[in-house]
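The values are calculated or read from the model by the stated rules, or taken from the named source; none is laboratory data. If you're wondering where the values come from, they're calculated on a predicted model, not measured in any experiment. No Cβ is skipped: glycine too gets one built from the backbone with ideal geometry, and neighbour counts run over all protein chains shown. When the accessible area is computed, the model is the full protein with side chains, heavy atoms only, and any ligands, DNA or RNA have been set aside. Shrake-Rupley method; radii C 1.70, N 1.55, O 1.52, S 1.80 Å.
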Amino acid sequence: MNVLVTGVAGFIGYHFAKRLLEDDITVYGVDNLNDYYDVTLKQARLSHLYPYKNFTFQYLELGDRASVAQLFQEHSFDYVVHLAAQAGVRYSLQNPWAYIDSNITGFVNLLEGCRQSQTQHFVFASSSSVYGANTKTPFAITDNVDHPISLYAATKKSNELIAHTYSHLYGLPVTGLRFFTVYGPWGRPDMAYFKFVKAIAEGKPIQVYNYGLMQRDFTYIDDVVEGVVRVMHQPPESLLSNVNPMINSQARYQLYNIGNHRPVELMQFIRVIEQAIGKPAHLNFLPMQPGDVPTTYADVEDLMQAVGFKPSITIEEGMHRFVRWYQDYYQPQVSHLPLCC
């Protein structure tokens, strides 16, 4: 089995590729190693993949049509798991073109490669951000998602529509996964939990948006990876009609939420971090930021029924593991602070 993993130097891509490699599956990883956040962290992740004999890495810009076409001409992939994207809600306000080039142009380039090479299953990362201005919770796949409130969310919604079109036209099996606030070791420094740990460890204040009146469905990376692995091995047979009986689609296409189904209040989350680090947080309360939403909460019943997905890592255990990794990676010369759990 040969699997193409895009964004292999990224947070989820790295963990997913490592899991496949440990299962003796051949992984061909691509990444453009962009500088949206610390490139040395991406290179450090890759350094843990290079020792596997069944791993190959290629630097690749997915927005480069000719390069992506050449990749599929030179290699055959049983499965393609697309985890690369220009991430971040707030950054999309500063650099919108990065999102179009990577998240839309790059996405179509990959789909073209898959449909011309008879890939067995194309799995791609969507986002809980597509729920946008929705207020009903928990968020369900059957909910209308026509009102995104960030360009990042709009590109992810576009991915879902384009993917369905390719599945309908060419019979390509496609599954999209709406990730909910994935966290854990080797995570992204632009994520709130990472910033909170860094600031508290350094005795600096943390920025608490919407005056702390927020909830997030934090999902630990190992739970996410388990879900993606199970989905990859189970291409859909038909079937938007199973999601919404009002839609007459026979495309081999499916969408799932992949979350913890346990939203955590932001202030409770901060208390968990304080306990894990062993230091109090200094809070700077601020209004809601443009593009943010007050609550994310995943309905994962469909995914549980389809592949047996059942998240198991609590926020306390997950943050304990993250803080341990953070101390090992950034503060190896400092004796560890007492940790909870």
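For segment 172-304, with all protein chains in place and a probe radius of 1.4 Å, 53% of the accessible heavy-atom surface sits on carbon or sulfur. Each listed q (0.07, 0.09 Å⁻¹) maps to a log10 I(q)/I(0) for the chain, found by the Debye formula over equal Cα scatterers with no solvent: -0.28, -0.46.
Using a probe of 1.4 Å on the protein chains alone, the accessible area found for F139 is around 10 Å². Under 16 Å from a label point set 7 Å out along the Cα-to-Cβ vector of E301, the amide N atoms of segment 124-151 belong to 136-144.
Volume of the convex hull of segment 35-114 (Cα atoms only), normalised per residue: 105 Å³.
Of the DSSP H helices in the chain, those with a Cα length along their own long axis of 18 Å or more and a mean Kyte-Doolittle hydropathy reaching -0.5 comprise 151-170. Between Q73 and Y59, the contour length at 0.36 nm per residue exceeds the Cα-Cα span by 3.4 nm.
What is the Å³ per residue value for the convex hull set by the Cα atoms of segment 83-168?
98 Å³
Report the residues of segment 89-133 in range of a label on A66: point 7 Å along Cα→C-beta, backbone N strictly under 15 Å from it. Within reach of a label on A66: no residues. With R₀ fixed at 30 Å, the C-beta to C-beta distance from Q207 to Q331 puts the FRET efficiency at about 0.85. Distance between the modelled labels on E265 and R90, one decimal in nanometres: 2.4 nm (7 Å Cα→Cβ projection). Please list log₁₀ I(q)/I(0) at q = 0.17, 0.22 Å⁻¹ for segment 124-245, using the Debye equation with identical point scatterers on the alpha-carbon positions. Listed by q, the Debye log ratios stand at -1.05, -1.48.
Show me 272-280, 63-71, 219-227 ranked by packing, highest mean number of other Cβ atoms within 10 Å first.
Working: 272-280: 18.4, 63-71: 16.1, 219-227: 22.8.
Sorting 272-280, 63-71, 219-227 by mean packing, highest first, produces 219-227, 272-280, 63-71.
Distance between the pseudo-spin-label points of D101 and L283 (7 Å out from Cα toward the beta carbon): 4.0 nm. Taken over segment 1-84, the ratio of Cα radius of gyration to 2.2 N^0.38 Å equals 1.01.
In terms of solvent-accessible area of protein heavy atoms at a 1.4 angstrom probe, what is the ranking of R271, R90, highest value first?
R271, R90
Accessible surface for M214 stands near 20 Å², nearest 10, in the context of the full protein assembly shown (1.4 Å probe).
Before I look further, what does the chain give for accessible area per residue, probe 1.4 Å, in whole square angstrom?
Averaged over the residues of the chain, the accessible area is 43 Å².
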